[in-house]
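Asker: Here's a structure for you.
The values are calculated or read from the model by the stated rules, or taken from the named source; none is laboratory data. Computed from a predicted structure; not experimentally measured. Note that each Cβ is placed from the backbone with ideal geometry, even for glycine, and that neighbours are counted across all protein chains shown.
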Amino acid sequence: MDNSASRSKSESTPVIEVEGLAKEYRVHDKPEGLAASVRSLFHRTSRVVEALRGVDLRVGRGEFVALLGPNGAGKTTFLKLLSGIITPSRGTARVLGHVPWVRENEFRRRFALVMGQRNQLWWDLPAAESFRLHREIYRIEPSRFTRVRDELVDLLGVRQLVLQPVRELSLGERMKLELVAALLHEPEVLFLDEPTIGLDVVAQHTIHAFLRHVQAERRVTVMLTTHYMKDVAALCERVIVITHGDILYDGSLADIVDRFTTHKIVTLDLDEVPSPARVARYGFPCEVRGPRVVLRVDRGRIAEVLPDILRDEGVRDVSVEDVPLEEIVAELFRSTRTRPVGAPAGAAP
Amino acid sequence: MSGRSVPLEPDRHVASPRLLEGLRVWCTMLAICLEERLVYRGDFLLGTAMRFLPIVTQIFLWTAVFSATSRADIAGYTRDDVVAYYLLTMLTRAFSSMPGLAGGIARSIRDGSIKKFLVQPVDFIGFLLAARVAHKLVYYAVAIVPFAAVFLLCRGYFPPPPDAPTVLVFLASLVLAFLLGFFMEATLGMLGFWVLEVSSIVFGYMLVQYLLSGHMFPIDMLAGIPTGIPGVNVADLVQWLPFGYTAYFPAAVWLGKIEGEELFRALAVEVGWVVVMAIACRAAWHRGTRRYGAFGG
Amino acid sequence: MSRYLAIFRTFARACLVRDMTFRANFLLECLTSLGWMSMNLAFYLLVFTFTPEIGAGSGWTKAPFFAFVGTGLIVNSIVQALFMPSAEELTEMVRTGGLDAVLVQPLDAQFLVSMHRVDFSSFANGLVGVGLVAWAVPRLEHAPGPIAWLVYPLTILCGVAILYGLVIMLAAATILMGRNQSLYDFWFYLTNFSRYPAEIYAGPWGGPLRAVCTFVIPILLVVNVPARVLARPLAGEAWWAVVTALLAACASLAVSRAVFQAALARYRSASS
């Protein structure tokens, strides 16, 4: 929607350039129930689903972009279009100057795609074998291969796992090795589709640190989809929110808070249990549990309300925070959910 | 409207709860089976039609064999008899073959989903049998189209239809073939309680079945091969085994290859095998579940 | 080209390592294919107790026929070992999105899709095929000359190429439809036509069938041409058969390649 801000921000030669990119699918309805399936013998109903409806975007070299959106919003479709797995219905895209769905080898040698829910390593063999295969496929020079592999493996602390069959590894260990495999050919663009899904906190942190390091060191352009705001907060300066195939927001993480929240969260620890009416003077009481009060206060009123509180109440402790990112994003996702989804062929969405 | 939405409320049927309940469960199962078939109708019709393709090559092969030999018949079969025989075995195998039965039982033992049947008030073998009957009925409802077309097209190869009693025996032998096939495969599947990898056993069974059931060639063609025992040939031995009753026997009955006293002896052997396999199946289930309970799943 | 060979070697090595890790399973698979094959051989032996020849005047007496069967085993085992396991896995790859990973790699997708898995156990049947040919050749009426021995492997390669083209078309259909169980059954039923000498397809029905299976879907050329080169004098008509097989192999490779590329352009990818 509002791309002017991001456009001015990106560098002179964008790595990713997208205009009017759209993808439609025709889906056949599989009816439930006996009578309906008999009817469908003669007449099959189908409708067009718009996974992506004309998206414009520019991403500069070295940017770290998060794609957010509810399930089915079109994030993964977008990544698949940019990596050339599927062809669009309309629009153009250039990644590193190549049209992705032409699938030129020069292009495919310059980027990588990691899908958190899919295993790309040989299941029954040690990851070292998969790495060797990558060396052949991407034509990596042996000396460079060894150097890059050792560096990546040490960064993630998985050197001792490389010779173990992949099926014996945990999900987190496997993900780390997937990342190593994807980065062996030193791609200039990295697409990550839910890279931290199902991982524990420690593994998530390791991967965050690793990605930050790789991106800073090599100026890789990274685009990632995720449902974890922790990933976003730790990694991305730019956030793109997609819902129903449209870009709803494109800007910095800080702006998202400014633009979409009208209040802050004030948490108070009081000396005594207050009466609800009394604290409601300062703002909307979200939670009153004993002497602990959580208030929602208008951003504009914070400056005048805080002194009042500190003066009139016996305050032990106070904190002022932004609304949690999860909540803002959830609100964003919800805000457009009521909008009708394009459904020709007369079928209800 | 939907077959799936039939509620299962046993309390409402006070008169004869068990029977009615069973019937309702079975009707639901039938409806779901039918739905499944209809969703994949393209696959299904194509799949059924394709099963006749190997018969086409078999017919040409036998025509070539007959063209090169001076005799009018081979082991009592004329060329037309052979064609009719292969078409009839297609029919009998539509009754006796149980795709996925043994493998399915073994899998549910291995992955533990068999526990469900240890907990629920359902007889496992009864449930499997009902499901199979539903499955087969639906199969026939749709497969009758390609079958009728092929049989009509090839009616010239068939001898005049046999008399009414023979037709009755033929129909009985089809039902028995179904039961025999079911209990043999189910028993094989139950071996999963003792052996981890049943697939190799199933494979061995299928090999023997393929060779000795008459699926490949009429088993009375083995009459020319001696066993080493004086006066006894391979065909004599094979007729005492259960395999032939799942493909050869009904076809041979229709073609009038087996008559009179021989027919009754064969029918008795078949009934005997059905009883033996049904008992074996139940025994395997009882011992297997006891073992399963003892060692834990 | 050498890069593709290197990659294929890596694939083959990995599959061998895997097979050796699960040795019992590997042996079982060998036994499986050997078992089915011996059932069929038993059937042919039985048939030859009733007739001296398959098809009057066709010349397919016992020795030439078993040379034919052996040739068929060799061709099919090559296809089964090199291409079928990969193609069968394709359904799973389309369903789970594994194909996505293939498409982002800087490598020919058809190569990856059709050759990333090698099933070494399928070579067992090929060895039996070689044995059958070795048994049959000294018993042939016309011993194959040196030229025949040169042309024989070439026509076997043609047969493999024709079948490979069919496998690739199946793969294309899988990519378009997302599932293909009946299609694989169809493959087996179709190749079934190639299992017997072309002469058996005679008469008002057999003639057209033979023509279709020679010129439209050249499945009859797969085993018949090499077997004929070995078992018959190589002259006149036989050379035409060899030329036809060569042309059919080229056509099969070209057409299947085009179909596969068209299918990839329409790939929908599984939603995650």
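Asker: Give me a count of the residues in region A:99-128 that are free of Cβ contacts under 8 Å to residues at least 24 places away in the same chain and among the polar types (S, T, N, Q). Steps first, answer last, please.
Answerer: Here is the first cut: in region A:99-128, the residues free of Cβ contacts under 8 Å to residues at least 24 places away in the same chain are A:99-107, A:118.
Imposing the further condition that a residue be among the polar types (S, T, N, Q) reduces the set to A:105.
Residues in region A:99-128 being free of Cβ contacts under 8 Å to residues at least 24 places away in the same chain and among the polar types (S, T, N, Q): 1 in total.
Asker: Of all residues in region A:285-307, which are surrounded by 12 or more Cβ atoms within 10 Å (Cβ to Cβ), of a type outside the set (A, V, I, L, M) and touching a residue at least 12 places away in the same chain (Cβ under 8 Å)?
Answerer: Narrowing region A:285-307 to residues surrounded by 12 or more Cβ atoms within 10 Å (Cβ to Cβ): A:285-286, A:288, A:291-299, A:301-302, A:305-306.
With of a type outside the set (A, V, I, L, M) added as a condition, the list becomes A:285-286, A:291-292, A:296, A:298-299, A:301.
Selection gives A:Cys286, A:Pro291, A:Arg292, A:Arg296, A:Asp298, A:Arg299, A:Arg301.
Asker: Follow-up. So in region C:239-256, with the set limited to residues that are of a type outside the set (S, T, N, Q) and buried (at least 16 other Cβ atoms within 10 Å of the Cβ), which one is nearest to C:Gln110 (Cα to Cα)? Don't jump to the end; show me each part of the working.
Answerer: Pass one, region C:239-256, residues of a type outside the set (S, T, N, Q): C:239-243, C:245-251, C:253-255.
Those left that are additionally buried (at least 16 other Cβ atoms within 10 Å of the Cβ): C:241-242, C:245-246, C:248-249.
Working: C:Ala241: 29, C:Val242: 27, C:Ala245: 23, C:Leu246: 22, C:Ala248: 20, C:Ala249: 17 Å.
So, considering only residues that are of a type outside the set (S, T, N, Q) and buried (at least 16 other Cβ atoms within 10 Å of the Cβ), the one nearest to C:Gln110 (Cα to Cα) is C:Ala249.
Asker: Residues of region A:216-233 being touching a helix residue (DSSP H, G or I) at 6+ places or on another chain (Cβ under 8 Å) and either outside any strand (DSSP E or B) or not hydroxyl-bearing (Ser, Thr, Tyr) (or both), which ones?
Answerer: To start, the set of residues in region A:216-233 that are touching a helix residue (DSSP H, G or I) at 6+ places or on another chain (Cβ under 8 Å) comprises A:220, A:222-226, A:228-233.
If the condition is that a residue be touching a helix residue (DSSP H, G or I) at 6+ places or on another chain (Cβ under 8 Å) and either outside any strand (DSSP E or B) or not hydroxyl-bearing (Ser, Thr, Tyr) (or both), then A:Val220, A:Val222, A:Met223, A:Leu224, A:Thr226, A:Tyr228, A:Met229, A:Lys230, A:Asp231, A:Val232, A:Ala233 are the ones that fit.
Asker: On the given criteria, is B:Val195 farther than 30 Å from B:Phe60 by Cβ and touching a residue at least 40 places away in the same chain (Cβ under 8 Å)? Working first, answer last.
Answerer: Working: farther than 30 Å from B:Phe60 by Cβ: yes; touching a residue at least 40 places away in the same chain (Cβ under 8 Å): no.
When the stated conditions are applied, B:Val195 does not pass them.
Asker: Within 25 Å of B:Gly22 (Cβ to Cβ), part of a helix (DSSP H, G or I), basic (Lys, Arg) and away from chain C (no Cβ under 14 Å): does that describe B:Arg93?
Answerer: no
Asker: Can you tell me which residues in region A:180-208 are of a type in the set (D, E, K, R) and part of a loop (DSSP other than H, G, I, E, B)?
Answerer: Quick first cut of region A:180-208, residues of a type in the set (D, E, K, R) only: A:186, A:188, A:193-194, A:200.
Scanning region A:180-208 gives A:Glu186, A:Glu188, A:Glu194, A:Asp200.
Asker: Take B:Ser173 and tell me if it is within 14 Å of chain C (Cβ to nearest Cβ), in contact (Cβ under 8 Å) with a residue 60 or more places away in the chain and closer than 29 Å to B:Ala284 by Cβ.
Answerer: Details: within 14 Å of chain C (Cβ to nearest Cβ): no; in contact (Cβ under 8 Å) with a residue 60 or more places away in the chain: yes; closer than 29 Å to B:Ala284 by Cβ: yes.
In short, no.
Asker: Take B:Ser108 and tell me if it is part of a loop (DSSP other than H, G, I, E, B) and either at pLDDT below 85 or under 30 Å from B:Val208 (Cα atoms) (or both). Give the derivation first.
Answerer: Values: part of a loop (DSSP other than H, G, I, E, B): no; either at pLDDT below 85 or under 30 Å from B:Val208 (Cα atoms) (or both): yes.
In short, no.
Asker: For region B:122-130, does any single residue satisfy the condition of being hydrophobic (A, V, I, L, M, F, W, C), crowded, with 17+ Cβ neighbours inside 10 Å, within 24 Å of B:Pro218 (Cα to Cα) and in contact (Cβ under 8 Å) with a residue 12 or more places away in the chain? Even if it seems obvious, please write down each step before you answer.
Answerer: Residues of region B:122-130 hydrophobic (A, V, I, L, M, F, W, C): B:122, B:124-125, B:127-130.
With the extra rule that they be crowded, with 17+ Cβ neighbours inside 10 Å, the set shrinks to B:124-125, B:128-130.
Filter once more, keeping what is within 24 Å of B:Pro218 (Cα to Cα): none.
No, that holds for no residue.
Per-residue answers, yes or no, for (1) more than 20 Å from C:Leu170 (Cβ to Cβ); (2) touching an Asp or Glu at 6+ places or on another chain (Cβ under 9 Å); (3) free of Cβ contacts under 8 Å to residues at least 40 places away in the same chain; (4) part of a helix (DSSP H, G or I):
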site	(1), (2), (3), (4)
C:Leu209	yes, no, yes, yes
C:Cys213	no, no, yes, yes
C:Leu230	yes, no, no, yes
C:Ala238	yes, no, yes, yes
C:Ala245	yes, no, no, yes
C:Ala248	no, no, no, yes
C:Ala254	no, no, yes, yes
C:Ser269	no, yes, no, no
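Asker: Taking C:Ile54, is it crowded, with 19+ Cβ neighbours inside 10 Å and touching a Phe, Trp or Tyr at 6+ places or on another chain (Cβ under 6 Å)? Lay out the reasoning, then the answer.
Answerer: Working: crowded, with 19+ Cβ neighbours inside 10 Å: yes; touching a Phe, Trp or Tyr at 6+ places or on another chain (Cβ under 6 Å): yes.
Yes, satisfied.
Asker: Have a look at C:Leu28, C:Leu34 and point out the one that is within 18 Å of C:Leu127 (Cα to Cα), surrounded by fewer than 17 Cβ atoms within 10 Å (Cβ to Cβ), away from chain A (no Cβ under 14 Å) and free of Cβ contacts under 8 Å to residues at least 12 places away in the same chain. First the steps, then the outcome.
Answerer: Values: C:Leu34 fails: free of Cβ contacts under 8 Å to residues at least 12 places away in the same chain.
On inspection, the qualifying residue turns out to be C:Leu28.
Asker: Could you tell me which residue of region C:43-59 is nearest to B:Thr78 (Cα to Cα), considering only residues that are in a helix (DSSP H, G or I) and at the interface with chain B (Cβ under 7 Å from one of its Cβ atoms)? Spell out how you get there, then give the answer.
Answerer: Here is the first cut: in region C:43-59, the residues in a helix (DSSP H, G or I) are C:43-50.
Retained after the next criterion (residues that are at the interface with chain B (Cβ under 7 Å from one of its Cβ atoms)): C:43, C:46-47, C:49-50.
Values: C:Phe43: 18, C:Leu46: 16, C:Val47: 14, C:Thr49: 16, C:Phe50: 12 Å.
Selected residue: C:Phe50.
Asker: Consider only pairs whose beta carbons are under 7 Å apart and that are at least six residues apart or on different chains; among these, list those whose first residue lies in region A:188-216 and is of a type in the set (Lys, Arg) and whose second residue is crowded, with 17+ Cβ neighbours inside 10 Å.
Answerer: Final answer for the pair search is A:Arg212/A:Leu235.
Asker: Could you say whether any residue in region A:164-179 is outside any helix (DSSP H, G or I) and surrounded by 21 or more Cβ atoms within 10 Å (Cβ to Cβ)? Show your work before the answer.
Answerer: Residues of region A:164-179 that are outside any helix (DSSP H, G or I), as a first pass: A:164-165, A:169-170.
Then drop every residue that is not surrounded by 21 or more Cβ atoms within 10 Å (Cβ to Cβ), which leaves none.
The answer is no, given that none of the residues of region A:164-179 is outside any helix (DSSP H, G or I) and surrounded by 21 or more Cβ atoms within 10 Å (Cβ to Cβ).
Asker: In this structure, is A:Ala182 within 11 Å of another protein chain (Cβ to nearest Cβ) and closer than 23 Å to C:Ile7 by Cβ? Walk me through how you get there before you give the answer.
Answerer: Details: within 11 Å of another protein chain (Cβ to nearest Cβ): yes; closer than 23 Å to C:Ile7 by Cβ: yes.
When the stated conditions are applied, A:Ala182 passes them.
Asker: Just need a number here: residues in region B:199-214 that are surrounded by fewer than 21 Cβ atoms within 10 Å (Cβ to Cβ) and part of a loop (DSSP other than H, G, I, E, B).
Answerer: Number satisfying all stated conditions: 0.
Asker: While we're here: Is one or more of the residues making up region A:69-78 outside any loop (DSSP other than H, G, I, E, B), in contact with a helix residue (DSSP H, G or I) (Cβ under 9 Å, 6 or more places away or on another chain) and at pLDDT 90 or above? Full working, then the answer.
Answerer: Taking region A:69-78 and keeping what is outside any loop (DSSP other than H, G, I, E, B), we get A:75-78.
Narrowing further to those that are in contact with a helix residue (DSSP H, G or I) (Cβ under 9 Å, 6 or more places away or on another chain): none.
Within region A:69-78 (the criterion being outside any loop (DSSP other than H, G, I, E, B), in contact with a helix residue (DSSP H, G or I) (Cβ under 9 Å, 6 or more places away or on another chain) and at pLDDT 90 or above), the answer is no, since none of the residues qualifies.
Asker: Of the conditions (1) more than 10 Å from chain B (Cβ to nearest Cβ); (2) buried (at least 16 other Cβ atoms within 10 Å of the Cβ); (3) not polar (S, T, N, Q), C:Met20 satisfies every one except a single condition; which number is it?
Answerer: Against the list (1) more than 10 Å from chain B (Cβ to nearest Cβ); (2) buried (at least 16 other Cβ atoms within 10 Å of the Cβ); (3) not polar (S, T, N, Q), C:Met20 comes up short only on (2).
Asker: A further question on this structure: Please find, among C:Ile175, C:Ile217, the residue that is on the phi < 0 side of the Ramachandran plot, of a type outside the set (Lys, Arg) and in contact with a Phe, Trp or Tyr (Cβ under 6 Å, 6 or more places away or on another chain). First the steps, then the outcome.
Answerer: On the way: C:Ile217 fails: in contact with a Phe, Trp or Tyr (Cβ under 6 Å, 6 or more places away or on another chain).
Result of the check over C:Ile175, C:Ile217: C:Ile175.
Asker: Output yes when any residue across region B:270-293 is in contact (Cβ under 8 Å) with a residue 60 or more places away in the chain, closer than 27 Å to B:Pro161 by Cα, assigned to a helix (DSSP H, G or I) and in contact with a helix residue (DSSP H, G or I) (Cβ under 9 Å, 6 or more places away or on another chain), and no when none is.
Answerer: Going through region B:270-293, the residues in contact (Cβ under 8 Å) with a residue 60 or more places away in the chain turn out to be B:270-271, B:273-274, B:277-278, B:280-282, B:284-285, B:287-289, B:291-293.
Adding the requirement that they be closer than 27 Å to B:Pro161 by Cα leaves B:270-271.
Those still in the list that are assigned to a helix (DSSP H, G or I) too: B:270-271.
Among the residues that remain, those that are also in contact with a helix residue (DSSP H, G or I) (Cβ under 9 Å, 6 or more places away or on another chain) are: B:270-271.
Yes; the residues of region B:270-293 include at least one that is in contact (Cβ under 8 Å) with a residue 60 or more places away in the chain, closer than 27 Å to B:Pro161 by Cα, assigned to a helix (DSSP H, G or I) and in contact with a helix residue (DSSP H, G or I) (Cβ under 9 Å, 6 or more places away or on another chain).
Asker: A further question on this structure: Anything in region A:79-130 that is touching an Asp or Glu at 6+ places or on another chain (Cβ under 7 Å), surrounded by fewer than 20 Cβ atoms within 10 Å (Cβ to Cβ) and either part of a helix (DSSP H, G or I) or within 7 Å of another protein chain (Cβ to nearest Cβ) (or both)? List them, or say none.
Answerer: Matches in region A:79-130: A:Gln117 only.
Asker: Determine which member of the set C:Ala124, C:Ala136 is assigned to a helix (DSSP H, G or I), small (Gly, Ala, Ser), touching a Lys or Arg at 6+ places or on another chain (Cβ under 9 Å) and surrounded by 15 or more Cβ atoms within 10 Å (Cβ to Cβ).
Answerer: C:Ala136
Asker: If C:Val69 satisfies every condition in (1) more than 10 Å from chain A (Cβ to nearest Cβ); (2) over 16 Å from the mean Cα position of the chain (by Cα); (3) of a type in the set (Val, Ile, Thr) but one, which is the exception?
Answerer: Going through (1) more than 10 Å from chain A (Cβ to nearest Cβ); (2) over 16 Å from the mean Cα position of the chain (by Cα); (3) of a type in the set (Val, Ile, Thr) one by one, C:Val69 breaks only (2).
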